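**Student:** This is the structure, below, for whatever I ask next.
The numbers here are math on the coordinates, done by the rules we state, and not lab data. Please read all numbers here as calculations on a predicted model, not as lab measurements. A quick note on method: Cβ atoms are made from the backbone with ideal geometry, for glycine too, and the neighbour counts reach across all protein chains shown.
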Amino acid sequence: MKKCKRLAAVGLAAAVALCTFTGCGKSAADEKVIIYSNADDEAVTAMKNALDNNGFRDQYIFQSFGTSELGGKLLAEGSNIEADLITMSTFYINSAQEQNKMFKNLTFPVNTLDEFPSYCAPITAQEGAIILNTEMMKENNLPVPASIKDLANPEYAGMISVTDINSSSTAWLLIQALVSEYGEDGAKEVLTGIYANAGDDIEDSGSAPLKKARAGEVAIGFGLRHQAVADKASGLPIDFVDPAEGNFSLTESAAVVDKGTQSNPKAMEMAECIINNGRAELQATYPIPLYEGEAEDTENKSGNPRVFGETLTFELLKKHQELSDSCKQK
């Protein structure tokens, strides 16, 4: 009998230990929400502030990824992805939903100015622009470019930095503008000249051209307009040009992963919290209005907003990546 009691006690201890390590008895609602995001630091901070200040502090795990890396995970893993909540480029979310049917319809009102699918809500919109180091422009007696096409002119050789579309979606803003204005053949001609002028200054990071312009390593870059606006306002020798081809934009959105009975209900609550409580701080950095009742600061309003003629999808991105690769020097 004593031996049986000892065996029973050992078995009970083993069961308790197993439950400790495996989460035995916990429901999905007891687990922390895992958030995957490709957002910039400013947007991540705003989203965390919205969650922390509205009852969700210490109830989530936030993990940041590059756009291409997170996009690859969405397409490859579908609803088997570890994340419960995604914030990501809207075109990737749309393609992942079409391929994998992996997102829930949102259960809260989303009063956007433009129409968005029922499974995502926009958090930011970002526009492209030409960025200038004003001191370097004067030192090198360079004319101010009026268009992206101008960046292919020989006087800018060795003076510009752009981003590689294979690494960063920021470059897609430039390529959308060229294809929209000049067609694919014309875009190839211009882009070949731009890449030749950039040389080794074709960057993987969307913010790298601005950083190089700040540091005086290049006179001209192409990057995100709101970042150049902020640098100029802070007194740095940075200015920007809204190109003649247009300020094209990309949105990033929040979406909740549908894991069936394993879905964490707090993920939907957190998505709603980010949209309802994070937009004021987000719009301070990303000024483009997305929701009814939002207004754009006239000082931050771009001079030539444009929208690409085709729906933005991962498939269109791949097509433009191939176009870009064909323009690089071998």
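**Student:** Count the lysine pairs in segment 214-330 that are 8 or more places apart or on different chains: how many have C-alpha atoms under 20 angstrom apart? Walk me through the numbers before you get to the answer.
**Tutor:** Details: K232/K301; K318/K328; K318/K330; K319/K328; K319/K330.
The number of close lysine pairs in segment 214-330 is 5.
**Student:** Of S68, G235, I35, whose Cα points farthest to the positive end of the dipole of the chain (charges on the beta-carbon: +1 Lys, Arg; -1 Asp, Glu; origin at the Cα centre)?
**Tutor:** Checked the options; the winner is I35.
**Student:** Let me ask something else about it. With the dipole of segment 273-330 worked out from charges on the C-beta (+1 for Lys and Arg, -1 for Asp and Glu) around the Cα centre, which of F314, Y291, N277 lies farthest toward the positive end?
**Tutor:** Checked the options; the winner is F314.
**Student:** HN-Hα J couplings of segment 199-211 from phi, Karplus 6.51/-1.76/1.60, θ = phi - 60°, integer Hz, Gly and Pro as x?
**Tutor:** For segment 199-211, the Karplus-derived couplings read x, 7, 8, 9, 9, 7, 9, x, 8, 4, x, 5, 4 Hz, x marking Gly and Pro.
**Student:** Given H placed on each backbone N at 1.01 Å, which residues far from F103 in sequence or on other chains put an amide H within less than 5 Å of it?
**Tutor:** D258
**Student:** Between K328 and I61, what is the spin-label point distance in nm, taking each point 7 Å from the Cα along the Cα→C-beta axis?
**Tutor:** Label at K328, label at I61, 3.4 nm between them.
**Student:** Using the alpha-carbon centroid of each, what span in Å lies between segment 217-235 and segment 98-155?
**Tutor:** 14 Å
**Student:** Something else: Across segment 283-296, in residue order, what do the Karplus-derived ³J(HN,Hα) couplings come to in whole Hz, using 6.51 cos²θ - 1.76 cosθ + 1.60 with θ = phi - 60° and x for Gly and Pro?
**Tutor:** Going residue by residue, I get 6, 5, 9, 10, x, 5, x, 10, 10, 4, x, 8, 10, 9 Hz, with x marking Gly and Pro.
**Student:** Once you have a ≥ b ≥ c as the square roots of the Cα gyration tensor eigenvalues for segment 266-320, tell me rounded if a/c is under 1.5, and otherwise prolate or oblate according to whether a/b is larger than b/c.
**Tutor:** Numbers: a/c = 2.87, a/b = 1.19, b/c = 2.41.
Because a/c hits 1.5 or more and a/b fails to exceed b/c, segment 266-320 counts as oblate.
**Student:** Explain nothing, just the number: dipole magnitude of segment 203-302 about its Cα centre with +1 on each Lys and Arg Cβ and -1 on each Asp and Glu Cβ, in debye rounded to the nearest 20. Don't skip to the end; give the middle numbers.
**Tutor:** On the way: 9 positive and 17 negative charges, 56 e Å.
I would put it at about 280 debye.
**Student:** Based on Cβ point charges of +1 for Lys and Arg and -1 for Asp and Glu, what charge dipole magnitude is obtained for segment 32-164 about its Cα centre, in debye rounded to the nearest 20?
**Tutor:** Details: 8 positive and 18 negative charges, 82 e Å.
In debye, rounded to 20, segment 32-164 gives about 400.
**Student:** Could you work out the helix-only [θ] at 222 nm for the chain, with each DSSP H run of four or more residues adding -39,500 (n - 2.57) and the total divided by the number of residues, to the nearest 500 deg cm²/dmol? List each step's numbers first, then the result.
**Tutor:** On the way: 10 runs with 139 residues, N = 330.
Estimated from H runs of four or more residues: -13500 deg cm²/dmol.
**Student:** Okay, next question. Pop out the ³J(HN,Hα) list for segment 169-185 in order, Karplus 6.51 cos²θ - 1.76 cosθ + 1.60 with θ = phi - 60°, rounded to Hz; leave Gly and Pro as x.
**Tutor:** 6, 4, 4, 5, 4, 5, 5, 4, 4, 5, 5, 4, 7, 10, x, 5, 5
**Student:** Per the Kirkwood formula on distinct C-alpha pairs, the Rh of the chain is how many angstrom?
**Tutor:** Values: mean 1/r = 0.0462 Å⁻¹.
Evaluated on the chain, it is 21.6 Å.
**Student:** Dipole of the chain, Cα-centred, from +1 at each Lys and Arg C-beta and -1 at each Asp and Glu C-beta, to the nearest 20 debye? Display every interim value, and only then the final one.
**Tutor:** On the way: 28 positive and 47 negative charges, 424 e Å.
With Lys and Arg at +1 and Asp and Glu at -1, about 2040 debye.
**Student:** If you don't mind, there's one more thing I want to ask. Nearest 5 percent is fine: what portion of the DSSP beta bridges confined to the chain is antiparallel?
**Tutor:** Details: 22 of 36 bridges.
In the chain, approximately 60 percent of DSSP beta bridges are antiparallel ones.
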